[in-house]
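To keep things clear, I will list the structure first and then write my remarks on it.
The values are calculated or read from the model by the stated rules, or taken from the named source; none is laboratory data. Only a predicted model underlies this, so the values are computations on that prediction, with no experimental measurement involved. For neighbour counting, all protein chains shown are included, and Cβ atoms are generated from backbone atoms with ideal geometry for every residue, glycine included. Protein only, heavy atoms only, side chains kept; ligands, DNA and RNA dropped before computing areas. Shrake-Rupley method; radii C 1.70, N 1.55, O 1.52, S 1.80 Å.
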Amino acid sequence: MDTTPTKSEAVALAAPANVPGRQHLQWLFVDWEILFPLTRVCLDGSPPAYHLARGFGSGVNSWLVHFEGGGWCSNVTTCLERKRTRLGSSKKMAKQIAFSGILSNTPDYNPGFYNWNKVKVRYCDGSSFTGDVEQVDPATKLHYRGARVWQAVMEDLLTKGMNKAHNALISGCSAGGLTSILHCDRFRDLFHEDAKVKCLSDAGFFINEKDIAGVDYIAAFFNDVVATHGSAENLPSSCTSKLPPSMCFFPQNVVEQIDTPLFILNAAYDSWQVRNILVPGVADSHGNWHICKHNIDECPASQLQILQGFRDDFLKALEEQGTSSTRGVFINSCFVHCQSELQETWFASGSPMLGNKVIHPSVPFKSKSNQIYCGWSRLSDVDLTRALHTVQTIAYAVGDWFYDRSPFQKIDCPYPCDSSCHNRIYEDSSEA
């Protein structure tokens with residue numbers, strides 16, 4: 001799922017309400033940069049692209065590289081369909097997009113990374129940047145070259161100043177979040193040893209779960225993705241040396257072996273996983289889950305019990321990765337997919353928060369020491385600091401973890417306990 005609006009879409013979005021000193025959210029519109037490597041191309045053979053907003057001030061030598069999401073294609077038929085869209089061809093991409101959330105250039109909306117060099121890498125290969133097939137079928141003209149695209153983009157960014165980075169963070173949403181995991185250590189290897197380099201996966205912790213019919217639907221699907229794209233050689237060898245390559249598309253088989261500090265941001269009731277892993281269309285031919293898949297608040301008790309079981313399995317898969325002190329964890333009990341790109345969930349009035357059970361504040365503001373806090377307006381700065389260690393927005397949690405100010409490993413209580421969630425309501429069955 002891609003959540004970044006084009007310019008026309010962004011203009012129609014409302015700014016967060018009731019935020020002191022902010023009348024309107026100022027969108028940052030960023031033009032694309034297109035590459036012309038001969039063999040490192042999108043599915044249709046068109047050149048890959050990314051958007052770069054230059055850093056400024058103290059962030060001039062800090063780099064955030066964010067990978068777009070958008071699912072995968074698993075065979076010739078679905079890849080042919082994909083190559084006719086922006087997720088398979090740069091010819092179909094908007095040349096200018098809006099940066100928001102973790103990509104915002106405003107401290108009021110992105111306190112930790114606002115002045116960094118920020119890159120959004122467009123997704124046009126359908127394999128989370130892992131594919132590498134030399135031969136191109138003359139009939140379909142499909143190019144499975146995702147790993148080469150990743151390398152081409154990294155090489156180009158290094159020539160534009162990323163080689164001098166003091167701080168670097170690879171991030172991504174959905175299939176881009178999986179990219180952050182699969183390429184995490186490889187990203188670290190690009191920088192000198194003194195650089196602070198970390199990885200953030202947003203909605204990328206896809207679990208190997210049977211669907212409601214008891215079928216290994218997602219495992220078969222990922223097997224087809226890996227086989228179609230020739231991804232095996234570009235998956236972490238720490239995993240492929242022990243398991244079949246397709247099993248290494250599941251983060252639960254990879255994360256424990258990652259050496260680079262990693263932050264896992266995910267919803268325990270991830271709406272994409274519920275709709276496509278737990279209850280794919282083929283497992284619900286009679287549409288019994290139609291209402292529940294569209295709106296978790298409308299789920300009957302019997303189906304909610306199954307969703308609670310999915311949450312249990314998700315947390316078990318996460319727990320099996322160990323408790324590394326360098327790892328960040330923000331797992332809320334929301335029905336949503338991707339929370340770092342959207343301003344309303346990253347850092348805004350009423351954005352999701354995690355921590356001990358206290359009343360969630362709703363309105364960000366600046367304290368006397370000019371720091372931005374949320375709620376507790378009558379507290380002293382000392383008490384505000386204590387409060388911030390009690391509950392955190394996603395933006396603060398990731399920022400504190402990256403800068404080593406404090407660790408953050410929080411898992412929410414079960415649905416429906418969290419009133420700060422922005423639960424997704426799907427209007428029709430095509431939205432996922």
*asked:* Between VAL153, VAL226, which is in contact with a helix residue (DSSP H, G or I) (Cβ under 7 Å, 6 or more places away or on another chain) and either surrounded by 15 or more Cβ atoms within 10 Å (Cβ to Cβ) or among the aromatic types (Phe, Trp, Tyr) (or both)?
replied: VAL226
*Within the range 301-342, track down each residue that is aliphatic (A, V, I, L, M) and touching a residue at least 40 places away in the same chain (Cβ under 8 Å).*
LEU304, ILE306, LEU307, LEU315, ALA317, LEU318, VAL329, ILE331, VAL336, LEU342
*Condition met for ASP297 (assigned to a helix (DSSP H, G or I) and either without any contact (Cβ under 8 Å) to a residue 60 or more places away in the chain or closer than 16 Å to GLY204 by Cα (or both))*: no
*Take ARG54 and decide whether it is at pLDDT 75 or above, touching a Pro at 6+ places or on another chain (Cβ under 9 Å) and open to solvent by 60 Å² or more (accessible area, probe 1.4 Å).*
no
*Yes or no: ASP137 outside any helix (DSSP H, G or I), in contact with a Lys or Arg (Cβ under 7 Å, 6 or more places away or on another chain) and open to solvent by 10 Å² or more (accessible area, probe 1.4 Å)?*
no
_Could you check the range 229-246 and list, in sequence order, the residues that are open to solvent by less than 40 Å² (accessible area, probe 1.4 Å), of a type in the set (Ser, Thr, Tyr) and not in a helix (DSSP H, G or I)?_
SER231
*Would a scan of the range 162-170 turn up a residue that is under 27 Å from CYS334 (Cβ atoms) and either out of contact with any Cys (no Cβ under 8 Å at 6 or more places or on another chain) or not hydroxyl-bearing (Ser, Thr, Tyr) (or both)?*
yes
_Within the range 380-426, tally of residues that are modelled with pLDDT of 95 or more, among the aromatic types (Phe, Trp, Tyr) and surrounded by fewer than 17 Cβ atoms within 10 Å (Cβ to Cβ)_ = 1
*Going by the structure shown, is ASN208 open to solvent by 50 Å² or more (accessible area, probe 1.4 Å) and closer than 28 Å to GLU319 by Cβ?*
yes
*Report whether or not VAL65 is open to solvent by 60 Å² or more (accessible area, probe 1.4 Å) and on the phi < 0 side of the Ramachandran plot.*
no
_Residue list for the range 391-409, restricted to those being more than 14 Å from LEU262 (Cα to Cα) and either of a type outside the set (Lys, Arg) or within 18 Å of the chain's Cα centre (by Cα) (or both)_ = VAL391, GLN392, THR393, ILE394, ALA395, TYR396, SER406
*Looking at THR85, THR78, which one is in a helix (DSSP H, G or I), at pLDDT 95 or above and among the β-branched types (Val, Ile, Thr)?*
THR78
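For every residue, the table says whether it meets (1) closer than 23 Å to ASN253 by Cβ; (2) without any contact (Cβ under 8 Å) to a residue 40 or more places away in the chain; (3) open to solvent by 20 Å² or more (accessible area, probe 1.4 Å); (4) assigned to a loop (DSSP other than H, G, I, E, B).
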site: ALA147; (1), (2), (3), (4): yes, no, no, no
site: LEU157; (1), (2), (3), (4): no, no, no, no
site: ASP194; (1), (2), (3), (4): no, yes, yes, yes
site: CYS199; (1), (2), (3), (4): yes, no, no, no
*Report, by residue number, each residue of the range 247-260 that is open to solvent by less than 30 Å² (accessible area, probe 1.4 Å) and assigned to a loop (DSSP other than H, G, I, E, B).*
PHE250, VAL254, ILE258, THR260
*Any residue in the range 162-171 that is assigned to a loop (DSSP other than H, G, I, E, B), of a type outside the set (A, V, I, L, M) and open to solvent by 10 Å² or more (accessible area, probe 1.4 Å)?*
yes
*Does PRO280 satisfy the condition of being buried (at least 23 other Cβ atoms within 10 Å of the Cβ) and touching a Phe, Trp or Tyr at 6+ places or on another chain (Cβ under 9 Å)?*
no
